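This report concerns only the one structure given below.
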Amino acid sequence: MKVRYQATAGLAVLAMAVAACGGGGGDAKKPSAEQSQQAQQQMAETPAISINPVAYEQVKDGGTLTLAIGQWPSQWNPNHVDGNQSDTADMLDTIMPQLMLSDDGATHTANPDFVTDVKNEMTSGKQVVTYTLNDKAVWSDGTPITWKDLEVAWKINNGKDKKYKPASTDGWDRIESVTKGDSDKVAIVTFSKPYPEWQGLFNRGTAHLLPASHMEKPEGYEKDYLQKIPVTAGPFKVEKVDEGTKTLTVVRDDKWWGKKSKLDKIIFRTIETPAAQVNAFANGELDAVEIPPGSPADLKRAKEVPDVDIRKAFSPNWRHITVNNQSEFLKDKSVRQAIAYGIDRDVITESDLKDMDWPLQTLGNHVFMNNHKGYVDNSGDLGKYNVEKAKQLLDAAGWKQEGEYRKKDGKEFALSFVVPAGVPYAKTEGELTQAMLKEAGIKITIRPVPDDKFFTDFIIKGDFDLVPFSWIGTPLPIGSLPQIYKTGSESNFPKGSDPALDAAIEEAVSELDPAKAIEKANAADKLIWDMVHTIPLYQRPEIIASKKTLANYGSRGYKTVDWAAVGFTG
């Protein structure tokens with residue numbers, strides 16, 4: 001299953017898979033020197049994109065594409081914290097606007113279907129972005145897409161009106177105004193503070209643009225896209241939202257003003273486990289399927305399917321363990337640091353990625369992936385397994401070893417490791433963590449919860465001590481900093497708070513010079529490591545098993561999917 005949680009720089013994803021090995025710290029081994037060398041070679045050989053690119057004219061007309069999603073959404077408003085899942089974003093990509101597009105090198109250009117011109121300028125000392133919207137661009141109800149849609153998107157996401165619940169205010173809170181230009185088709189966005197990653201606004205990088213008429217009032221924001229999708233704008237339109245079978249069917253929109261979509265129809269089916277998804281793929285029920293980490297048996301099965309193409313690429317996605325900074329036992333930073341020292345990240349990485357044909361490389365950064373030009377390993381000592389150091393910190397914090405576990409003021413040091421019940425490899429991560437932290441005298445209870453409640457009822461509400469999931473990134477990684485780590489953000493799930501980090505984040509996201517912005521982002525990353533907000537594990541594989549005849553779809557890395565060009569060659 002995949003639960004994807006969208007925001008400025010990232011979506012959170014929970015992927016279900018058969019565990020690579022059993023529980024217990026001794027069941028997995030640290031990557032050897034030889035494996036590390038192999039990982040470096042694999043990284044060098046792994047492409048940035050693997051989608052079987054075929055020219056639009058050479059893709060055949062017609063056909064139905066059937067894909068799987070891991071979790072069925074109830075809230076289809078991606079601006080809302082409850083609708084901010086990446087499975088939802090994947091589906092909305094086919095039917096909702098994106099004003100800017102990214103190529104495989106993370107370079108952005110205006111999407112001509114919606115924007116005929118965009119200018120980013122400094123005017124009177126302020127950053128001003130002017131969007132000229134396509135005259136043909138309309139919502140499916142016939143209403144023109146205008147500057148007003150952009151203005152309302154800003155107002156519902158900037159965090160000022162508490163009637164709205166944005167997953168992230170990043171970028172939106174730096175906008176001073178959105179005003180009408182020479183016509184309703186010109187939107188002038190003026191920033192009160194510089195925002196270098198402005199290209200991520202008004203599209204999947206933050207949240208898809210939705211019609212102002214449905215978003216501007218709190219009641220519409222909450223209910224108009226609840227279990228339904230009333231208005232769209234894209235190469236496809238909704239044929240049916242089937243709550244009974246948890247299936248979304250979209251069909252070619254003949255009113256679409258852009259290039260005609262090659263496919264007649266796309267069906268998104270909810271199939272919760274990767275094993276079940278791979279079975280469906282093997283049986284010819286799906287045209288492509290994602291193979292998540294921790295599922296070598298599924299990868300092996302997919303490889304055995306006739307006429308299969310395994311598409312792998314690097315992407316800005318990473319797995320981690322989030323550490324609740326407000327938990328009863330974890331409010332003390334030194335105790336959280338003891339947790340970090342007590343977890344062997346190499347062992348979990350080896351467990352999750354074993355036999356996945358993926359580099360066994362731990363991640364030393366919360367912002368930049370291993371293959372990003374801005375990557376620096378900022379983990380320092382905290383990224384190294386050191387159970388003796390963990391014990392020393394716990395002793396100093398007053399948690400003394402009494403028998404099997406530590407106690408303080410008569411209370412046992414016991415933490416919950418929350419996992420979705422249907423995700424075996426998350427459970428394995430819990431078992432490995434349980435065995436490691438027991439060595440330091442910390443009791444870990446693995447707490448399975450319903451898959452469909454994992455984010456809404458546990459992560460979002462802070463009902464956990466430790467929890468594993470993955471952030472699914474975008475081509476604009478620095479924007480993740482305020483979203484995930486800044487005090488008060490809806491997506492700062494562990495409720496970490498550090499004024500020095502907040503100031504460092506502000507400097508990084510305000511820096512217009514790209515090289516300096518990377519430098520400042522890395523400075524902020526060091527503070528994130530120090531506070532132990534999140535313990536990075538590894539850059540997450542993006543592996544897609546696809547029919548060989550499926551074109552322009554697969555492991556896309558940073559590239560925006562061109563859904564009009566997706567189709568079959570035979």
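The values are calculated or read from the model by the stated rules, or taken from the named source; none is laboratory data. Predicted, not measured: the structure shown is a model, and the values here were computed from it. Here the Cβ is made from the backbone with ideal geometry for all residues, glycine too, and neighbour counts use every protein chain on show.
I'm trying to understand the selection: among the residues of the range 211-223, which are closer than 12 Å to Asp141 by Cβ and not in a helix (DSSP H, G or I)?
Scanning the range 211-223 gives a single hit, Pro211.
I'd like to know if the range 456-468 contains one or more residues that are assigned to a helix (DSSP H, G or I), in contact with a Phe, Trp or Tyr (Cβ under 8 Å, 6 or more places away or on another chain) and closer than 15 Å to Asn324 by Cα.
yes
Taking the range 386-430 on its own, how many of its residues are surrounded by 23 or more Cβ atoms within 10 Å (Cβ to Cβ) and under 30 Å from Asp298 (Cα atoms)?
Here the count works out to 10.
Do we have Ser491 as within 17 Å of the chain's Cα centre (by Cα), assigned to a loop (DSSP other than H, G, I, E, B) and either modelled with pLDDT of 95 or more or buried (at least 23 other Cβ atoms within 10 Å of the Cβ) (or both) here?
Judged against the criteria, Ser491 is a match.
Hey, could you check the range 57-77 for residues that are in a loop (DSSP other than H, G, I, E, B) and closer than 22 Å to Ile271 by Cβ and say which is modelled with the lowest pLDDT?
Looking at residues that are in a loop (DSSP other than H, G, I, E, B) and closer than 22 Å to Ile271 by Cβ, I get Gln71.
Applying the selection to the range 288-309, what residues are in contact (Cβ under 8 Å) with a residue 24 or more places away in the chain, farther than 30 Å from Lys495 by Cβ and assigned to a loop (DSSP other than H, G, I, E, B)?
Of everything in the range 288-309, those that are in contact (Cβ under 8 Å) with a residue 24 or more places away in the chain, farther than 30 Å from Lys495 by Cβ and assigned to a loop (DSSP other than H, G, I, E, B) turn out to be Ile291, Ser295, Val305, Asp307.
To keep it simple, each residue is scored yes or no on (1) assigned by TED's automatic domain parsing to the domain that holds Thr232; (2) of a type in the set (Val, Ile, Thr); (3) in contact with a helix residue (DSSP H, G or I) (Cβ under 7 Å, 6 or more places away or on another chain); (4) free of Cβ contacts under 8 Å to residues at least 24 places away in the same chain.
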| position | (1), (2), (3), (4) |
| --- | --- |
| Ile145 | no, yes, no, no |
| Asp149 | no, no, yes, no |
| Asn157 | no, no, yes, no |
| Lys160 | no, no, no, yes |
| Lys165 | no, no, yes, no |
| Thr169 | no, yes, yes, no |
| Pro211 | no, no, yes, no |
| Glu216 | no, no, yes, no |
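Residue-by-condition table, conditions (1) surrounded by fewer than 21 Cβ atoms within 10 Å (Cβ to Cβ); (2) part of a loop (DSSP other than H, G, I, E, B); (3) touching a Phe, Trp or Tyr at 6+ places or on another chain (Cβ under 7 Å); (4) not polar (S, T, N, Q):
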residue	(1), (2), (3), (4)
Arg311	no, no, no, yes
Thr322	no, no, yes, no
Asn325	no, yes, no, no
Ser334	yes, no, no, no
Ala340	no, no, no, yes
Asp352	no, no, yes, yes
Phe368	no, yes, yes, yes
Asp381	yes, no, no, yes
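Restricting attention to the range 232-248, does a residue exist that is hydroxyl-bearing (Ser, Thr, Tyr) and closer than 19 Å to Asp149 by Cα?
Yes, the range 232-248 contains at least one residue that is hydroxyl-bearing (Ser, Thr, Tyr) and closer than 19 Å to Asp149 by Cα.
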